[in-house]
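Structure first, then comments.
Derivation of every value follows stated rules applied to the coordinates shown; laboratory data play no part. All figures in this text were calculated on a predicted structure; none of them were measured in a lab. Quick reminder, even Gly has a Cβ in these numbers, built from the backbone with ideal geometry, and neighbours come from all protein chains shown.
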Amino acid sequence: MAPTENDIAIVGFAQTSPDRRTQLTEADLVLHATRAVIADTGLDKSEIGFTVSGSCDYLSGQAFSFVQNTDAYGMVPAINESHVEMDGAWALYEAYVRLLQGDIDVAMAVGVGKNSNSDPSTLYTIEFDPYYLTPLGTDTWSLAALQARALLDSGKATERDFADVVVRNRANAKSNPYAQIKGDYSADELLAADYVRNPLRRHDLPPTTDQAAAIILARGKRAYDFCERPAWITGIDHRIEAHLPTVRKDITTSVSTRLAAQGAGVGKGPIEVAEVHAPFSFQELIVAESLGLDASTEINPSGGALATHAVMVAGIIRMGEAANQIIKNGKNRTLAHSTSGPCLQQNLVCVMEGDQ
Amino acid sequence: MSHQPVAIVGIGQTHHKRKRADVSIAGLVREAAQRALEDANMDWGDIDAVVLGKAPDLFEGVMKPEMYLADALGAVNKPMFRVHTAGSVGGSTGIVGSHLVSSGRHKRVLSVAFEKQSEGNAQFALGGGKGASIGAGGAFAPFIRAYIRRSGAPEDIGWMVAVKDRLNGAKNPYAHLKLADITIDKVKESPMMWDPLHFLESCPSSDGACAVVFTDEDGGKAASKPPAWVLATAMKSEPGWYSGRDAVNPQAAHACAQEIYKTVGITNPREQIDCAELYVPFSWYEPMWLEAHEIAAPGEGWKMTQSGATALDGDFPVNMSGGVLSSNPIGASGLLRFAEAALQVRGLAEDHQVGGANLAIAQAYGANAQFFAMWAVGSSLNPLG
Amino acid sequence: MADTVQEFVFNLTFPFTRTLGSTLSTFSSALAQGQIIGVRTGGRVIAPPLEYDPDSAADSGTDWVRVGPKGTVSTWTWVPEPTNLHPLDHAFGFAFITLDGADTPMLHVVDAGSESAMAAGMRVEASFKAPADCVGRIDDIIAFVPAADPSPSEGAGEPFAAPEENDITEMDAYCDLTYVDNASPTTTMWAKALMEGRIIGQKCPQCERTIVGPRGMCSVCAIELDESHVIDVPDRGVVSNFTIVTPVQYHGQTETEPFVRCSILLDGANAVIAQQEILGITASEVRVGMHVECVWAPANERSVQDIDNRSRGSGGDAIIGWRLTGEPDEPAENYLNRMM
Ligand SMILES: [Zn+2]
């Protein structure tokens, strides 16, 4: 296609190895991811017009933990730079909006999370309503399990359906060198495990991963300088809903995903591949339904968040994987999704297309 | 270019205090946001997207509080975005909000920034939860000592800034500190906190929030009150540490100002800019930023302070609101600077209004004096004619 | 005594205090008296009350409604092994419980004895702490327990008259999180060198700057620095800048008297070590330009236990501090700009 100056594409993606426990710091991980994507695209760092990262202070328990991560950019001379306390998928959204200002044509988005320093069963208690939920030690696994139970009771899915999601993702992950949990499993053997939070078993929960990922975006014709077949972002949107799952009308569906999908124009054509950020197995079912996908869409060929899950990174990796389906795998129209908050409170949807 | 003009049509802030005992965290942000909507003559349903900024979540002990605040800010079913760029975050929150309009993504955007410092303790958070935290003052005192020696400034410059900003704050109904009877002697005799900084040369610890409503050109022209137009934005960063880094006069501070001046067409900042809100948490940062932002020549910033040029009735008023020295809800402090600049060019700053202000700049900085956010706002899209 | 650092455990604890605002104060003050309330807003009763209606963003108002103490479980899960942050020390359930008189459920714990007792539709009843122990926080309700009598709660759905002034306006929120970080390869190199009585830096092959208190990368060039870039730097130098901190008291503060932290430009190395203590003089006697040398702990007393990935120049318990060499001061203006 002949891109206009408002067309923006993903032209490069790199990620670090997804370790259960890295010896490196978050800054080291950012350095490795950004050096890799800069090398892959053949950029010089001085060509990057805007750099933005997503990370979380509480993952390391340090105020301003992202500040030292910016050492990895080599900011001499000074650069245009920003940070979000959100998954790198939202950092990419800020980069996208920044490119639309028209004064720069290349941007880099980064996500990083050294998740192994903290305990997911306790850390996220402070992410929820500080008056009603945190004092009860309300944990992210329990909230997900409450949603899963509601889904079962609605009759829309069974525990076997949950296990089938895990089986498929772990099998898909076998062909992904950046997947942490992979292999051939049967639903029967998975269903024999004990519950961690009824009705969720360990395999229904995300793994703990230390990882960083970086994406290069380019605007207009500049995209072809880095990539033969850029992944053009034809739609991107994100929405949030009420914080407390108890006041949402129906937690077996995701209103915010549906609205973001509409905003991103998902329904304007068939989606060949969708990379869905579902930290809990059953959430893939809810998200796929809310995105309006049908059986023709291949979901999570990478193995998804059940194979590798660094909080603050898993979403931007979905963007990179969906883009690579176009850049490297000949697909024409793909989708990436990212989520945040209790019971899928916030969701981002991005549709990408390749030149035909 | 897809860049669309952006108008600021609503500004709100809380009454800032050491402890806002009358509100929850949601109540605090809501108060500022509600005032901004009223100023804009809008309701919650008119807003297309919300941007929230604050400094580290360790200050209140709530991780990603924008999730819980979605309801209070009317963000349900809308995009909600969270910015965190250290001390410059309030500025970045304004810039990111304005970009959502200038890019054509949204027509009306609400940016909100806050800190409720009284819930926790910033020194604790800055010290990584350990003892012997040097705090922000301890981190910046060496830079200030170097500036004083390098510029040959007399020691009373810091005291003068402390007095001037507090007298301005006394005119601002929202300011935390209203020290109408402050004097040079009182500043000089206040306890030494981080040599050479006295207690009264340092910012307070505040609870507070600030909110700004952005809209597009049509919305700005249709607004019931005069809008402020966003003329230029910039966010520049440099490393916090490298061997030989000049942290007194950071290159990112120069780069930020240069980009703003170039975009607006400013060739003589001191003459062409009517007033400035600069992030001055410790008194000496006024002359330091006047130099690093190329408003004063190198080594001459303190002379602007000394001559009274930066006073409310001077030729280049700085921190008409009373600045960070009068109110410091950390995450909101940057947006308060940005909002005050807009209030000035709207002509709505009441007792702290600079007469005939048509072009104003605002700045915020963060971390090891390494992250800078700045914007220029005007009473029209072309205030320089 | 640790001679190298491998892992460090860090407890992030802090007693936060939350002010409640009028809606939450009304709820808390009633709760401390054993009365659960909701608020009628947008045509439904939300319990516990939210300050703002999630549907309309409107203020929820003050149309208070008595709810509970009995309610019905709509969805549930089971926690077989509670964490230190959970309110019960034995296995329990979390559930959405629609209290009698309310339209939206409340999330709370159910002390049901066993997982098999949990079911959607089960009737449960709030079990409160002793009145003297109630502080108006959501965990004044110890748990919901299976209701002995499933009949509707008395008075549920009736208006609640809030007092003019609420007696509870704040709540304690104790944060208690544990982190376990591990030493990065760069930190490990630094710590090992300290144990050997050496200070090391890493010299960037591109810009030739040396960073002491290594970070494993050059922040100017954005290139990785490893063992091959390590150089020994002198353990003597000149004070190039300093800060005197008057400690304010906070949870976890260890200092009571003013203390000094110095930057020291190391002799001949064109590199600065930051955040160092000067021994033998008072804070007010520290001057830029002073010649100092490192005072090492005896080899058998050195420890680097407190060195973590953010220490960056901290000598741990291997460096006691720096003392004056007695040489005449250098001119301060030659050094002041070298705080880094
Ligand atoms: Zn270098």
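Some observations on this one:
- In a simple Cβ point-charge model (Lys, Arg +1; Asp, Glu -1; nothing else charged), the stretch C:21-168 has a dipole of about 280 debye relative to its Cα centre.
- Kirkwood-Stokes translational diffusion coefficient of the stretch B:301-379, alpha-carbon pairs, 20 °C, 1.002 mPa s, µm²/s: 163
- If only the Cβ of Lys and Arg carry +1 and only the Cβ of Asp and Glu carry -1, the dipole of the protein assembly as shown around its Cα centre is close to 1380 debye.
- Evaluating 6.51 cos²θ - 1.76 cosθ + 1.60 at θ = phi - 60° for every residue in the stretch A:66-73, the Karplus couplings come out as 6, 4, 5, 5, 6, 4, 6, 8 Hz, glycine and proline recorded as x.
- The stretch A:1-53 and the stretch B:37-61: distance between their alpha carbon centers, rounded to Å: 31
- Between C:A112 and C:G93, the built amide H atoms are under 5 Å apart, and every one of these is 5 or more places off in sequence or on another chain.
- Only lysines eight or more places from B:K54 in sequence, or on another chain, were considered; those with a Cα closer than 20 Å are B:K17, B:K19, B:K64, B:K78, B:K116, B:K236.
- Taking amide H as placed 1.01 Å from N in the peptide plane, B:K19 has its amide H under 5 Å from the amide H of B:D207, each at least 5 places away in sequence or on another chain.
- Options C:V180, A:A95, A:A150, ranked by Cα towards positive dipole end of the protein assembly as shown, top entry (Cβ charges): A:A95
- Point-charge dipole on Cβ atoms (K/R +1, D/E -1) for chain C, about Cα centre, debye to 20: 640
- Phi-based couplings in Hz for the stretch A:202-211 (Karplus 6.51, -1.76, 1.60; Gly and Pro marked x): 3, 6, 7, 9, x, x, 9, 9, 9, 6
- For the stretch C:21-168: relative contact order, % (alpha-carbon pairs under 8 angstrom, 6 or more apart): 27
- Taking every residue in C:138-149 and counting other chain Cβ atoms within 10 Å of its Cβ, the average works out to 1.
- Distance between the stretch A:169-237 and the stretch B:104-169 - C-alpha centres, whole angstrom: 42
- Estimated 222 nm signal from helices in the protein assembly as shown, with DSSP H stretches of n ≥ 4 weighted -39500 (n - 2.57), rounded to 500: -7500 deg cm²/dmol
- Proximity of backbone amide H atoms, modeled 1.01 Å from N, is registered between C:N241 and C:S263 at under 5 Å, excluding neighbours fewer than 5 places apart on the same chain.
- Residues B:T263, A:T297, sorted so that the one with the fewest Cβ neighbours within 10 Å comes first: B:T263, A:T297
- When the Cα positions of A:G74, A:L306, B:S307 are compared along the charge dipole of the protein assembly as shown, A:G74 comes out farthest toward the positive end, with charges on each C-beta of Lys, Arg, Asp and Glu.
- Between helix C:21-32 and chain C: long-axis angle, C-alpha atoms, 0 to 90°, nearest 10: 60
- In the stretch C:21-168, taking the dipole from charged Cβ atoms about the Cα centre, the farthest positive-side position among C:G61, C:S153, C:T41 is held by C:S153.
- In order along the stretch B:310-323, the Karplus-derived 3J(HN,Hα) couplings, from 6.51 cos²θ - 1.76 cosθ + 1.60 at θ = phi - 60°, round to 8, 6, 4, 9, x, 7, 9, x, 10, 6, 4, 6, x, x Hz, and Gly and Pro are given as x.
- Taking chain A and dividing mean pair separation by its residue count, relative contact order in percent (alpha carbons under 8 Å, at least six apart): 25
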